[in-house]
Amino acid sequence: MHSRPLRRPLIVYPLALLLLAGCSKEPEISSYDVPRDKSAKSDDDTRMIAAIFIRDNQAWFLKTMAPKEQVDKVADELHTFAKSINLPEDQPAAIEWQVPEGWETGPERTMREATLQLPDGEVEVAISKLRFPGNQDTYLKDNINRWRGQLGLKPAGEMDQAAGVLEIDVDGQKAWLFDAVGSSAGGGGMMPPMMRGNAPFAGTAATPPAAKPEPAEPTKPTEEKPAEEATTPAANKSRMIAAIFIRGDSAWFLKTMAAEQEVDQAADDLRTFAESISLPDGKPEAIEWKTPEGWQEGPERMMREATLQLPDSELEVAISKLVVRGDLDKYIKDNINRWRGQLGLDDADTMDQAAGVEVIEVDGQKAWLFDAVGTAPGGAAMPPMMRRAPFAQPAAESTPPNSEDE
């Protein structure tokens with residue numbers, strides 16, 4: 001059985017900032033105006049200050065990206081904050097911080113642990129974490145070069161001052177600070193639109209999966225689904241089978257999306273797997289599963305807890321989890337309609353068979369299964385990166401699996 005550790009709460013120690021600031025002997029950090037394409041306009045100058053902390057199997061990110069003149073005013077404060085992070089020995093996968101005087105904690109945002117807003121209101125620090133897949137040098141280089149891409153800068157071969165990178169000592173451990181200037185119009189191509197700007201000191205994202213027709217009573221076939229499929233040539237149809245499990249304040253997702261005829265051949269196996277999930281009483285935030293015979297565990301990918309590859313096909317099941325935000329009914333509806341959008345289907349008002357949703361019982365608890373057919377080119381309901389995510393095949397996450405914003 002596979003289980004995932006509970007999310008560790010972040011603990012803020014009031015004296016952490018003062019103690020670290022007093023002990024730090026790090027040299028002053030400078031920003032570097034790295035040469036960029038001559039086409040970049042000076043009035044578009046953007047500065048990014050970011051940091052990476054590797055904690056056990058987690059990578060933590062701090063990130064600020066805004067017009068250079070705004071970041072210049074608070075650069076010293078941002079450097080000081082990054083170096084004030086506390087790395088508790090008794091929580092090897094966590095970081096801790098104290099909100100500096102005058103800063104405010106912003107509203108919750110998906111895929112962020114926290115957002116800190118600076119006094120002027122124009123600059124913020126995004127804090128996030130992702131699973132660290134290993135190979136520290138490659139992971140660091142991929143993320144630094146992605147940030148450079150957001151600034152319109154070319155990838156760097158070495159992670160040094162010329163690349164805008166400084167290795168620093170934080171609470172007795174190694175961390176990396178990135179500070180560079182470029183053009184905001186430059187590097188969007190290296191990451192999906194949603195990831196640009198103040199994404200968790202690096203950028204992140206992922207979306208949830210869905211469910212299938214509700215077997216409350218054997219009802220008459222509805223006309224909505226056939227009507228949606230009738231106008232689409234069979235060769236262009238896609239089918240998605242996905243599931244949602246609510247565990248404490250976590251939502252777990254399974255998702256597969258591929259050509260309809262491919263999914264048809266594995267539909268029974270996919271539904272059986274979703275219904276076989278175990279929900280352990282002793283781990284209220286977790287789910288557990290057994291890899292079916294013949295299936296294989298795929299390589300680690302950012303924003304996924306696991307990827308399972310089906311035999312004799314290109315199908316895969318993506319497994320992920322996110323924090324549940326707000327009203328549960330709305331959360332389920334939003335995710336189902338996001339999936340419908342990926343299939344080119346209209347939003348549904350009611351989460352029922354006509355919407356492709358089935359409420360099922362899994363290990364004595366309610367879960368949601370989504371099963372629908374549509375056109376793959378739809379997808380307007382979510383950014384490209386989010387398509388084919390959790391319980392999807394190699395998703396349109398076109399970024400390298402070793403980068404923090406896959």
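Normalised by the number of residues in region 224-386, the mean separation of alpha-carbon contacts (under 8 Å, six or more apart) gives a relative contact order of 28 percent.
Checking the Cα-Cα distances for Lys283/Lys330; Lys68/Lys255; Lys68/Lys333; Lys129/Lys366; Lys174/Lys255 against a 31 Å cut-off, the pairs over it are Lys68/Lys255; Lys68/Lys333; Lys174/Lys255. Across region 297-363, the volume of the C-alpha convex hull divided among the residues equals 154 Å³ per residue. Along the charge dipole of region 224-386, pointing to its positive end and built from +1/-1 on Cβ of Lys, Arg, Asp and Glu, which listed residue (Val359, Ser313, Ala348) has its Cα farthest out? Positive-end residue among those listed: Ala348.
Taking one quarter of the surface of the C-alpha convex hull of region 224-386 gives a mean projected area of 9.6 nm². Put a dot 7 Å past the Cα of Gln173, heading toward its Cβ, do the same for Ser278, and the two dots end up 3.1 nm apart. What the Cβ-Cβ distance of Glu158 and Asp349 gives, at R0 = 45 Å and to the nearest 0.05, is a FRET efficiency of 0.25. Dipole check for region 224-386: with +1 at the C-beta of Lys and Arg, -1 at the C-beta of Asp and Glu, and the Cα centre as origin, the magnitude is about 500 Debye. Compared with the alpha-carbon gap, the fully stretched path from Asp56 to Glu288 is longer by 81.4 nm at 0.36 nm per residue.
Read-outs throughout are calculated quantities, based only on the coordinates presented, and are distinct from any laboratory measurement. Small disclaimer: the values here were computed from a predicted structure and weren't measured. Note that each Cβ is placed from the backbone with ideal geometry, even for glycine, and that neighbours are counted across all protein chains shown.
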